[in-house]
Amino acid sequence: MTGRKKEALTQFHKKNILDTAEKLFSEKGIRQTTMDDIAKAADYSKSTIYVYFQSKDEIYNHIIYGHMCRLKDALAECIREAPDLEHRYFLICEKLSRFYEQYPLYFSSILGNIPVDDQALAGSEILRLLYDVGEDINDCILELFRQGIREGSLPSSIPVLPSAFTLWASLGSLIPMAYEKECYLIKRLNMDKTEFLQHGFRMLLRSLKEDC
């Protein structure tokens, strides 16, 4: 078998394992899913699964990486295509909301903690990939601020890095709350999740535009 065919076969098996694992994670939960479950559902022996992935954590990290790459591409498109700060900002909010709606199981992991220890990153290819794509996502949010400053839509005095991280953290908390507590929001505020999110998004944008 040529090297190209061997690599194609490896990628085929990896994709099959990852697709199967993701389906099981959604159906049974991540903790409840075992390597035995994945092997049985994917129609591989358990030893074959370990040829491609060292652990369930590694499988999970590869799934997260795939979603992070798609999110990065979506955010980069918002930055590239939208004509001004407000359009870029609300497109990013929309993409994140849609992402949560489609992949609630992975949302917190994507916006959550990623190892930054140099030794850990050097010893794991997938952790390094996660770190790098996470930095690419951060760069998209930073570019939102940089373009806003260049266009005069944001004050030049705004501290870009802490403001970008604060915005990211705020969106990462606001969106899950709106989806998970919609019944309470309707009862207490007479607002559904979409109305509440639009209120929150507008409030965050107003705070960004204030002269720091």
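The values are calculated or read from the model by the stated rules, or taken from the named source; none is laboratory data. In this text, all values refer to a predicted model and were calculated from it rather than measured experimentally. When we count neighbours, we look across all protein chains shown, and the Cβ atoms used for this are built from the backbone with ideal geometry, even at glycine.
Can you confirm whether T10 is more than 19 Å from the chain's Cα centre (by Cα), free of Cβ contacts under 8 Å to residues at least 60 places away in the same chain and buried (at least 18 other Cβ atoms within 10 Å of the Cβ)? Here the answer is no, as T10 does not meet what is asked.
Do we have any residue at all in region 6-14 that's assigned to a helix (DSSP H, G or I), under 26 Å from N113 (Cβ atoms), out of contact with any Pro (no Cβ under 6 Å at 6 or more places or on another chain) and not basic (K, R)? Looking for residues that are assigned to a helix (DSSP H, G or I), under 26 Å from N113 (Cβ atoms), out of contact with any Pro (no Cβ under 6 Å at 6 or more places or on another chain) and not basic (K, R), one finds none in region 6-14, hence no. Evaluating I49 against the criteria (1) closer than 21 Å to L105 by Cα; (2) at pLDDT 95 or above; (3) not charged (D, E, K, R) leaves one unmet condition, (1).
Within region 115-173, restricting attention to residues that are of a type in the set (V, I, T) and free of Cβ contacts under 8 Å to residues at least 24 places away in the same chain, the residue that is farthest from M68 (Cα to Cα) is I149.
Taken together, the residues in region 40-80 that are free of Cβ contacts under 8 Å to residues at least 60 places away in the same chain, within 17 Å of H13 (Cα to Cα) and more than 15 Å from the chain's Cα centre (by Cα) amount to 18. Against the conditions (1) under 14 Å from N16 (Cα atoms); (2) part of a helix (DSSP H, G or I); (3) not hydrophobic (A, V, I, L, M, F, W, C), Y44 satisfies every one except (2). Looking across I79, I38, one residue alone is among the β-branched types (V, I, T) and assigned by TED's automatic domain parsing to the domain that holds Y131. It is I79.
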